[in-house]
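J.: What follows is a single structure, and I will ask about it in a moment.
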Amino acid sequence: MNFAQNLVRWRWLWTSFTLLSMLLLAYGAKNLTFQSDYKIFFSKDNPQLTAYQNIEETFTHTDGIAFLISHADMTVLQKPLLEIQQQITADAWQMPFSRRVDSINNYQHTEVDGDELTTRPLVEEAEHLTAEQLAQIREIALSSDEILHWLISPDEKIAVVSVSLLFPENAAEKQQAAKTIMASANAIVQKYENQLPGLKVQLMGVAAYNGTFVALTEQDATTLVPAMYLVIAVLLLALLRSVSAMLSTLLLITISIISAVGFMGWLGWPLNQVNISAPTIIMTLAVCDAVHLYNRFLFYLREGADKYDAMQHALRNNIRPIILTSVTTAIGFLSMNFSDSPPFRELGTITAFGVAVACVYTFTLLPTLMLILPGNFRGRQSRLHPIALSAGEIAIKHKRKIVWLAAPLSLLLAAFMLRSDLNDDAIGYFSKNVPFRQAAEYMEEHLPGFDTIAYMVDSGSASGINDPAFLKKTEEFVQWLKAQPEVTYVGSYTNTLKRLNKNMHEGAEDAYRLPESAELASQYGLMYELSLPYGLDLTNQVSSDKSKLRVYVKIRDQTSSGLIAFEERGQAWIQHNMQPYKVDGSSVPVMFAHFGLSNIKNMLWGSLFAILFVSLTIAITMGSLRYGLLSMIPNAFPAGIAFGLWGIFVGEVNVAVSVIFAITLGIIVDDTVHFMSKYQDARKLGKKPEEAVRYGFSSVGSALIVTTLVLGCGFMVLALSDFNVSAYTGIMVCLTIVIALAFDFFLLPAILLLTDKNTGLAQTAIADNAENAALQNPQESPAVKSA
């Protein structure tokens with residue numbers, strides 16, 4: 001008894017095995033958690049992340065949330081807006097996990113009365129301010145290095161209330177804290193926008209960034225997944241014309257997803273905004289195996305076989321190509337492990353596992369469903385069958401023209417991929433419909449400096465920050481930063497010391513300089529700290545042992561390459577000018593910039609490995625080095641052309657686009673393998689190349705169209721996401737799949753015909769007489785006899 005007969009005869013045993021396996025895997029879902037922190041994109045040993053965490057641990061955490069306040073008809077220094085800022089500042093102190101609040105209202109303005117240093121909020125009791133007091137506040141704010149470009153914009157269109165937050169260490173508690181914080185912040189926004197017509201309050205900061213990730217992930221999970229199910233169901237029903245086929249395929253999809261998600265739980269991987277796409281990808285890929293099995297099953301039913309014989313022949317005809325396509329698909333997705341980003345590695349691994357279980361379930365569950373579900377399939381033929389046959393005739397008739405036209409056109413279009421620039425900026429992960437991105441773009445227009453870098457300057461000894469030599473070097477660095485064309489703001493403790501020195505010299509302009517001795521610097525710092533209210537100390541600028549200073553830099557919107565160039569320029573200046581002091585710098589935008597660049601390089605190696613390994617697998621399985629080499633053309637070029645078109649119409653590549661080749665290779669190889677497998681079967685019978693091409697189109701042509709339509713429309717559902725990683729993936733994969741079908745329908749047959757002139761191949765024994773009859777004349781084969 002062969003394997004196909006075994007699957008049919010013992011189908012209930014195999015079905016029980018399937019359901020038991022699914023339940024065991026599904027039990028792992030109890031371990032699933034959700035993590036949305038931006039840090040998930042980076043490995044624990046990422047050098048930029050390590051530097052950033054060191055800075056965060058040394059000073060007050062900058063992970064927080066900021067309220068951007070603006071009004072359609074007023075400036076932020078007018079009385080009504082100052083009142084609003086005062087109230088938001090007060091409410092921000094009451095937010096959960098709030099540790100520090102900075103605004104123009106509570107900016108600690110210093111003055112000297114005799115020998116006594118006094119510190120007071122710049123804006124007090126805003127509702128009672130006189131015109132003279134308002135003018136004085138405006139003068140101070142617009143002339144202060146510590147306020148302008150940080151707490152207000154030069155055009156007075158935006159004011160910022162910045163809230164520093166202290167999150168719990170536990171991941172689950174941190175996740176809940178993030179939701180609580182966003183709910184509190186949104187309540188504040190709604191409260192004051194309703195209070196003053198024309199007022200606009202927008203949310204920025206790391207907490208808002210992470211909160212946006214969570215919101216979009218939940219939105220996609222509740223809208224896109226059901227939408228994809230609906231699209232697949234409608235297409236399967238329309239193309240296969242069978243309710244039973246549609247229902248059994250959806251069941252196969254569902255248990256494959258459940259198994260893969262449960263497996264993720266067993267591995268202890270948390271769900272995040274990237275790997276949560278695995279179920280939607282598995283959903284579309286599982287369809288392919290089912291469609292190919294149904295295609296042959298219906299063929300044999302139309303030829304007169306009963307259900308059981310038709311299923312045996314369909315299985316025998318598809319076991320090798322389905323296993324081969326599943327293996328090559330898994331290889332493509334496993335190549336994503338070359339990525340620097342853990343979520344993308346997890347996405348590749350989980351999807352590969354999902355593809356594997358979908359392959360197994362196709363053989364162990366689908367036959368049972370197809371045999372027990374009702375349906376009259378006899379006499380039905382796919383409406384796409386004539387289209388597939390026509391494509392085959394075009395490929396045969398115009399093979400030379402196709403090759404001569406497709407080769408240079410493909411190379412030309414692929415070359416345009418060089419036009420794309422790397423720009424993996426943080427806000428680019430969100431569509432322009434997302435409030436966070438709108439806030440970021442509005443801020444960049446009026447208060448430039450969304451990109452930031454924090455530097456930690458280490459004196460090397462406790463209280464070393466008071467050393468005049470150290471302060472001088474730090475101030476030189478600050479002045480160099482201010483002179484850079486990209487920089488809009490530099491925050492440093494040296495600015496505070498210069499202000500205090502000026503205060504202590506009766507406000508003389510020429511006294512706006514650093515103290516001349518360590519004793520004075522220490523004394524100024526101590527007096528200032530003692531005068532500060534609770535929560536507004538210097539821990540955001542000075543380390544607890546007074547050995548390190550934090551220099552905070554805001555930079556105009558830069559591409560990833562521009563941000564890296566600025567960072568490298570800064571490090572070069574530090575190496576030549578800051579000895580013997582140590583300076584480390586990092587930030588979230590810097591992390592994403594480096595990550596995007598290194599990820600593309602690594603994924604290029606991963607893609608090269610994948611295409612070579614896939615081609616080698618095809619060559620070994622099909623027993624032909626020629627087939628393995630030829631498979632590279634329809635497997636590699638479609639992605640290259642898609643990247644070229646992306647370069648023409650978009651021109652920017654981010655981390656989502658960089659992994660497209662690995663994703664699409666794992667998908668489009670299916671069509672190549674199924675067609676080449678049928679072509680090889682016919683050639684082994686001694687058929688001429690032209691006849692083998694016709695047999696390939698007759699056998700799998702309509703199935704290839706169905707899977708392309710289902711996959712293409714399924715992935716285009718992802719294009720509706722406001723999370724651009726998912727949206728760009730959906731667009732690029734859909735585009736690549738459509739291009740790949742054109743390659744498999746026209747260029748691949750043409751190349752096979754031009755390179756395969758040997759018509760004297762010895763006929764090889766085929767599995768049984770029924771299959772042999774079908775091969776000899778696929779259009780008019782006699783009824784398949786019972787085994």
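J.: Every residue in the range 411-431 that is touching a Leu at 6+ places or on another chain (Cβ under 8 Å) and either within 14 Å of I648 (Cα to Cα) or not acidic (D, E) (or both), please.
T.: Within the range 411-431, L413, F416, L422, F430 qualify.
J.: Output the number of residues of the range 297-311 satisfying the condition of being charged (D, E, K, R), in a helix (DSSP H, G or I) and open to solvent by 40 Å² or more (accessible area, probe 1.4 Å). So that I can check it myself, show each step before the final result.
T.: Just the residues of the range 297-311 that are charged (D, E, K, R), to begin with: 302-303, 306-307, 309.
Checking which are in a helix (DSSP H, G or I) leaves us with 302, 307, 309.
Those still in the list that are open to solvent by 40 Å² or more (accessible area, probe 1.4 Å) too: 302, 307.
So the answer is 2.
J.: Does F595 meet the test of being surrounded by 19 or more Cβ atoms within 10 Å (Cβ to Cβ) and aromatic (F, W, Y)? Reasoning before the result, please.
T.: Details: surrounded by 19 or more Cβ atoms within 10 Å (Cβ to Cβ): yes; aromatic (F, W, Y): yes.
Answer is yes for this residue.
J.: All but one of (1) surrounded by fewer than 19 Cβ atoms within 10 Å (Cβ to Cβ); (2) closer than 30 Å to Q579 by Cβ hold for L389; state the number of the condition that does not hold.
T.: All conditions are met except number (2).
J.: Find the residue count for the range 155-183, including only residues that are touching a residue at least 40 places away in the same chain (Cβ under 8 Å) and open to solvent by 60 Å² or more (accessible area, probe 1.4 Å).
T.: Residues that pass the stated criteria total 5.
J.: Within the range 395-409, work out how many residues are among the small types (G, A, S) and either touching a Phe, Trp or Tyr at 6+ places or on another chain (Cβ under 9 Å) or at pLDDT 95 or above (or both).
T.: Matching residues across the range 395-409 total 2.
J.: Of all residues in the range 64-85, count the ones that are open to solvent by 40 Å² or more (accessible area, probe 1.4 Å) and polar (S, T, N, Q).
T.: Total meeting the criteria: 2.
J.: Checking I663 against (1) at pLDDT below 85; (2) open to solvent by 20 Å² or more (accessible area, probe 1.4 Å); (3) not small (G, A, S), only one condition comes out false. Which one?
T.: The single condition I663 does not satisfy is (2).
J.: Quick check: is even one residue across the range 268-283 open to solvent by 10 Å² or more (accessible area, probe 1.4 Å) and among the aromatic types (F, W, Y)?
T.: Within the range 268-283 (the criterion being open to solvent by 10 Å² or more (accessible area, probe 1.4 Å) and among the aromatic types (F, W, Y)), the answer is yes, since at least one residue qualifies.
J.: Is it the case, given these coordinates, that G651 is within 22 Å of the chain's Cα centre (by Cα), at pLDDT 85 or above, more than 18 Å from L711 (Cβ to Cβ) and not acidic (D, E)?
T.: Values: within 22 Å of the chain's Cα centre (by Cα): yes; at pLDDT 85 or above: no; more than 18 Å from L711 (Cβ to Cβ): yes; not acidic (D, E): yes.
So G651 fails the test.
J.: Here's a follow-up. Test V725 against the stated conditions and say whether it is among the β-branched types (V, I, T), under 20 Å from S658 (Cα atoms) and in a helix (DSSP H, G or I). Don't jump to the end; show me each part of the working.
T.: Details: among the β-branched types (V, I, T): yes; under 20 Å from S658 (Cα atoms): yes; in a helix (DSSP H, G or I): yes.
In short, yes.
J.: Residue check: is K179 touching a helix residue (DSSP H, G or I) at 6+ places or on another chain (Cβ under 6 Å) and of a type in the set (D, E, K, R)?
T.: Values: touching a helix residue (DSSP H, G or I) at 6+ places or on another chain (Cβ under 6 Å): no; of a type in the set (D, E, K, R): yes.
Judged against the criteria, K179 is not a match.
J.: Another question, if that's okay. Just one of Y627, Y679 is crowded, with 24+ Cβ neighbours inside 10 Å and in a helix (DSSP H, G or I); which is it?
T.: Working: Y627 fails: crowded, with 24+ Cβ neighbours inside 10 Å.
So the residue among Y627, Y679 that is crowded, with 24+ Cβ neighbours inside 10 Å and in a helix (DSSP H, G or I) is Y679.
J.: Pick from the range 512-532 the residues that are in a helix (DSSP H, G or I) and aromatic (F, W, Y): which of them is surrounded by the fewest Cβ atoms within 10 Å (Cβ to Cβ)?
T.: Within the range 512-532, the first condition is being in a helix (DSSP H, G or I), and the residues that meet it are 518-531.
Still in the list and also aromatic (F, W, Y): 524, 528.
Numbers: Y524: 23, Y528: 20.
Selected residue: Y528.
J.: Does the range 719-735 hold any residues that are open to solvent by 10 Å² or more (accessible area, probe 1.4 Å) and of a type in the set (A, V, I, L, M), and which are they?
T.: Within the range 719-735, A719, L720, I731, L735 meet the criteria.
J.: Which residue is modelled with the highest pLDDT, if the candidates are limited to the range 5-18 and must be over 11 Å from F363 (Cα atoms) and open to solvent by less than 80 Å² (accessible area, probe 1.4 Å)? Show your work before the answer.
T.: First, the residues of the range 5-18 that are over 11 Å from F363 (Cα atoms): 5, 9-10, 12-13, 16-17.
Retained after the next criterion (residues that are open to solvent by less than 80 Å² (accessible area, probe 1.4 Å)): 5, 16.
On the way: Q5: 87, S16: 93.
Looking at residues that are over 11 Å from F363 (Cα atoms) and open to solvent by less than 80 Å² (accessible area, probe 1.4 Å), I get S16.
J.: Identify all residues within the range 403-443 that are under 25 Å from the mean Cα position of the chain (by Cα) and among the β-branched types (V, I, T); write none if there are none.
T.: I427, V434
J.: Restricting attention to the range 160-169, does a residue exist that is modelled with pLDDT of 85 or more and assigned to a helix (DSSP H, G or I)? Please lay out each step first, then the result.
T.: In the first step, residues of the range 160-169 are kept if they are modelled with pLDDT of 85 or more; the result is 160-166.
Still in the list and also assigned to a helix (DSSP H, G or I): none.
Looking through the range 160-169, none of the residues is modelled with pLDDT of 85 or more and assigned to a helix (DSSP H, G or I).
J.: Quick test for you: out of T33, T60, pick the one residue that is at pLDDT below 90, polar (S, T, N, Q) and farther than 20 Å from R345 by Cα.
T.: Numbers: T33 fails: farther than 20 Å from R345 by Cα.
Answer to the check: T60.
J.: For the range 429-437, indicate whether the set of residues that are modelled with pLDDT of 90 or more, part of a helix (DSSP H, G or I) and open to solvent by 20 Å² or more (accessible area, probe 1.4 Å) is non-empty.
T.: yes
J.: I've got another one for you. For E476, state whether it is assigned to a helix (DSSP H, G or I), under 37 Å from the mean Cα position of the chain (by Cα), surrounded by 14 or more Cβ atoms within 10 Å (Cβ to Cβ) and not aliphatic (A, V, I, L, M). Explain how you work it out, then say what you get.
T.: On the way: assigned to a helix (DSSP H, G or I): yes; under 37 Å from the mean Cα position of the chain (by Cα): no; surrounded by 14 or more Cβ atoms within 10 Å (Cβ to Cβ): yes; not aliphatic (A, V, I, L, M): yes.
For E476, the condition - assigned to a helix (DSSP H, G or I), under 37 Å from the mean Cα position of the chain (by Cα), surrounded by 14 or more Cβ atoms within 10 Å (Cβ to Cβ) and not aliphatic (A, V, I, L, M) - is not met.
J.: Now a separate question. Can you find a residue that is over 29 Å from A439 (Cα atoms) and open to solvent by 30 Å² or more (accessible area, probe 1.4 Å) anywhere in the range 546-564?
T.: yes
J.: Given the structure, is E486 of a type in the set (D, E, K, R), open to solvent by 30 Å² or more (accessible area, probe 1.4 Å) and at pLDDT below 95? Even if it seems obvious, please write down each step before you answer.
T.: Values: of a type in the set (D, E, K, R): yes; open to solvent by 30 Å² or more (accessible area, probe 1.4 Å): no; at pLDDT below 95: yes.
Against the criterion (of a type in the set (D, E, K, R), open to solvent by 30 Å² or more (accessible area, probe 1.4 Å) and at pLDDT below 95), E486 does not qualify.
J.: Let me ask you something else. So for the range 374-388 (the condition being in contact (Cβ under 8 Å) with a residue 12 or more places away in the chain, in a helix (DSSP H, G or I), farther than 22 Å from S615 by Cβ and among the aromatic types (F, W, Y)), does at least one residue qualify?
T.: no
J.: Here are the criteria: (1) touching a residue at least 12 places away in the same chain (Cβ under 8 Å); (2) closer than 25 Å to Q579 by Cβ; (3) of a type in the set (D, E, K, R). Tell me which single one R499 does not satisfy.
T.: (2)
J.: Could you please let me know if A619 is closer than 21 Å to F745 by Cα and in contact with a helix residue (DSSP H, G or I) (Cβ under 7 Å, 6 or more places away or on another chain)?
T.: Numbers: closer than 21 Å to F745 by Cα: yes; in contact with a helix residue (DSSP H, G or I) (Cβ under 7 Å, 6 or more places away or on another chain): yes.
Yes; evaluated as a whole, the condition is true for this residue.
The values are calculated or read from the model by the stated rules, or taken from the named source; none is laboratory data. Owing to the predicted nature of the structure, the values given are computational and were not obtained by experimental measurement. Positions of Cβ are generated from backbone atoms using ideal geometry, with glycine treated the same way; all protein chains shown enter the neighbour counts. Side chains are part of the model used for accessible areas, which takes the heavy atoms of the whole protein and leaves out ligands, DNA and RNA. Shrake-Rupley method; radii C 1.70, N 1.55, O 1.52, S 1.80 Å.
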